[in-house]
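Okay, so here's the structure we're looking at.
The values are calculated or read from the model by the stated rules, or taken from the named source; none is laboratory data. Given the structure is predicted, the values throughout are model-derived calculations rather than measurements. For neighbour counting, all protein chains shown are included, and Cβ atoms are generated from backbone atoms with ideal geometry for every residue, glycine included. Ligands, DNA and RNA are excluded from the accessible area calculation, which covers all protein heavy atoms including side chains. Shrake-Rupley method; radii C 1.70, N 1.55, O 1.52, S 1.80 Å.
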Amino acid sequence: QHHFPLCLRLLGAYGAERFEIDRCLADGAGNAPRWIAVGHLFVRDLAGFQRGMQEHGAEILADIPKYTNVGPEILVSEMW
């Protein structure tokens with residue numbers, strides 16, 4: 001309700017369009033998952049995302065400890 005709207009507000013001018021959040025329930029074998037949750041930030045292009053993070057990344061990353069003590073992993077992928 002706060003972090004990803006913050007991301008959209010700060011990165012919208014750089015191509016961020018929407019987000020989705022998955023709450024991880026189990027791995028493929030039914031064991032505890034590696035991640036608690038996965039947030040997907042959909043952007044128009046990687047270069048825009050990188051410019052936005054260069055400008056606002058510190059503020060975005062500083063917001064994360066308000067919700068968890070788990071450090072983020074940023075993975076860039078392409079939707080087909």
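Brief remarks on what is shown
- Conditions (1) touching a Phe, Trp or Tyr at 6+ places or on another chain (Cβ under 9 Å); (2) over 14 Å from Cys7 (Cα atoms); (3) not β-branched (Val, Ile, Thr); number of the one not met by Gly28: (1)
Each row is one residue, and each column tells you yes or no for (1) more than 18 Å from Glu73 (Cα to Cα); (2) open to solvent by less than 80 Å² (accessible area, probe 1.4 Å); (3) touching a residue at least 12 places away in the same chain (Cβ under 8 Å).
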{"residue": "Ala13", "(1), (2), (3)": "yes, no, yes"}
{"residue": "Arg23", "(1), (2), (3)": "no, no, yes"}
{"residue": "Ala47", "(1), (2), (3)": "yes, yes, no"}
{"residue": "Glu55", "(1), (2), (3)": "yes, no, yes"}
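- Arg34 meets all of the listed conditions (1) modelled with pLDDT under 95; (2) open to solvent by 50 Å² or more (accessible area, probe 1.4 Å); (3) touching a strand residue (DSSP E or B) at 6+ places or on another chain (Cβ under 8 Å) but one, namely (3).
Okay, residues lined up against (1) outside any loop (DSSP other than H, G, I, E, B); (2) open to solvent by less than 100 Å² (accessible area, probe 1.4 Å); (3) in contact with a Leu (Cβ under 9 Å, 6 or more places away or on another chain); (4) hydroxyl-bearing (Ser, Thr, Tyr):
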site	(1), (2), (3), (4)
Phe19	yes, yes, yes, no
Ala29	no, yes, no, no
Gly39	yes, yes, no, no
Gln50	yes, no, no, no
Ala58	yes, yes, no, no
Val70	no, yes, no, no
Ile74	no, no, no, no
Ser77	no, yes, no, yes
